[in-house]
Each structure stands twice: as C-alpha cells, then as structure tokens.
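Asks: Take this structure first; my questions come after.
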Amino acid sequence: MRVMVFVKATEDSEQGLKESAEMNELFEAMGKYNEELVNAGIMLAGDGLKPSSEGKRIAFDGPGRTVIDGPFAETRELVAGYWLWEVKDMDEAVAWVKRCPNPMPGPSEIEIRPLYEMADFGENLPEAVVELHDRTREKLSGR
C-alpha cells in the first residue's frame, strides 16, 4: 500500500527557513527519522516545500485557466512537506508517523492519505491505460 504523508503548513513554515539552533536540531532529528524510513524500506520519496508565497495555483473552469500567485490563505490547509511511503497497511503508516519528531517548532499536524492503485479501478480500465501506467511507474522507479 502506498500512502502520501503530508506535513501540514504552519505560520512558522509559511515564513520560510530561518536559521536557529532550534531549526538545526529539528533538521538533525528529521534527518535521522528519514534515515530510519529509508533503512526500513518505507520511504520512496520526500521533501520540504517552500512557502506558498513562492507558489502558484492554476484554477480550471472548463477550457479556461487562471494563474493565481501565492501566498495562499488558510495556512492550516497548506502542505509544508511530504513523504511517499510503501507500507503494508494504514496501521503501519500511523505507527511510523507517531515516531516522527514534531516537524514544526510549535503545534503541527501530519495527514496520511492512501494512493489509488490500479486494482482500485477494477477490470474495466482500457488496456492502453494500464500499459501507460505500468510504463510510467517503471520510468519513475528507475528500472
């Protein structure tokens, strides 16, 4: 089972990186945690994201596209970082998140969401879609 693990943004993360002893300790703790994930074969990918002030959103309405510059409101709804994990089930993902150091200097949240797998779509997918999916996964995994 693959899951996307989101580190939710906070007012601190939306201010960008600020060097301090506290941040250095946090980076060191997260580095050790990431190493545990890699050594356990759980972590497929992961990174921190820059503040939403450096981002853009593209709004879709039929054929129309509108570009919206950051920063974006509702900090609690933003993502500050992510991991992509391969776990046996949601319980294992929860257990790993519980071991995570607090990713922010103050209160924070981490959200876990399962990814759709091809099996979730049943047998009604066109063969061309399945083949494209398989080729894409092979390229992304570096095979």
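The values are calculated or read from the model by the stated rules, or taken from the named source; none is laboratory data. Just so it is clear, the model here is predicted, and its values are computed rather than measured. Positions of Cβ are backbone-derived with ideal geometry, glycine not excepted, and every protein chain shown enters the neighbour counts. Ligands, DNA and RNA are excluded from the accessible area calculation, which covers all protein heavy atoms including side chains. Shrake-Rupley method; radii C 1.70, N 1.55, O 1.52, S 1.80 Å.
Asks: I'd like the accessible area for ARG135, computed on protein heavy atoms only with a 1.4 Å probe and all protein chains in place. Round to 10 Å², please.
Replies: 130 Å²
Asks: Next up: Whenever you get a sec, compute what percent of the accessible area on the chain sits on carbon and sulfur atoms (1.4 Å probe). Provide the component values of the computation, followed by the final result.
Replies: Details: 5350 of 10210 Å².
The nonpolar share, carbon plus sulfur, comes to 52 percent.
Asks: Taking amide H positions as placed in the peptide plane 1.01 Å from N, state which residues far from VAL79 in sequence (5 or more) or on other chains have amide H under 5 Å from it.
Replies: Those qualifying (amide H under 5 Å, at least 5 residues apart or on another chain) are ALA9.
Asks: Here is a further query. Could you give each residue of the stretch 26-34 its phi-based ³J(HN,Hα) in whole Hz, using Karplus coefficients 6.51, -1.76, 1.60 with θ = phi - 60°, and x for Gly or Pro?
Replies: 4, 4, 5, 5, 5, x, 5, 4, 4
Asks: Could you provide, to the nearest whole Å², the per residue accessible area of the chain with probe 1.4 Å? Could the numbers behind the result be given before it?
Replies: Values: 10210 Å² over 143 residues.
On a per-residue basis, the chain sits at 71 Å².
Asks: Out of SER141, VAL38, ILE110, whose Cα points farthest toward the positive end of the dipole of the chain (charges: +1 Lys, Arg; -1 Asp, Glu; placed on Cβ)?
Replies: SER141
Asks: Which order do THR136, THR75 take when ranked by solvent-accessible area (1.4 Å probe, heavy atoms of all protein chains), largest first? Before the final figure, lay out each step's value.
Replies: Working: THR136 60, THR75 40 Å².
Ranked from most to least accessible, the order is THR136, THR75.
Asks: Now for a different question. On a 1.4 Å probe surface of the protein chains, which of GLU77, GLU138 comes out largest in accessible area, and what is the full order? Don't skip to the answer; put the middle values down first.
Replies: On the way: GLU77 120, GLU138 95 Å².
Final ranking, largest accessible area leading: GLU77, GLU138.
Asks: At 1.4 Å probe size, what's the solvent-accessible area of PHE60? Round to the nearest 10 Å².
Replies: 140 Å²
Asks: Could you sort out which of LYS8/LYS56; LYS98/LYS139; LYS8/LYS98 sit more than 21 Å apart by Cα distance in this structure?
Replies: Values: LYS8/LYS56 18 Å; LYS98/LYS139 32 Å; LYS8/LYS98 15 Å.
Over 21 Å Cα-Cα: LYS98/LYS139.
Asks: Modelled label-to-label distance, VAL97 and TYR116, 7 Å Cα→beta-carbon offset: nm?
Replies: For the pair VAL97/TYR116, the computed spacing is 2.1 nm.
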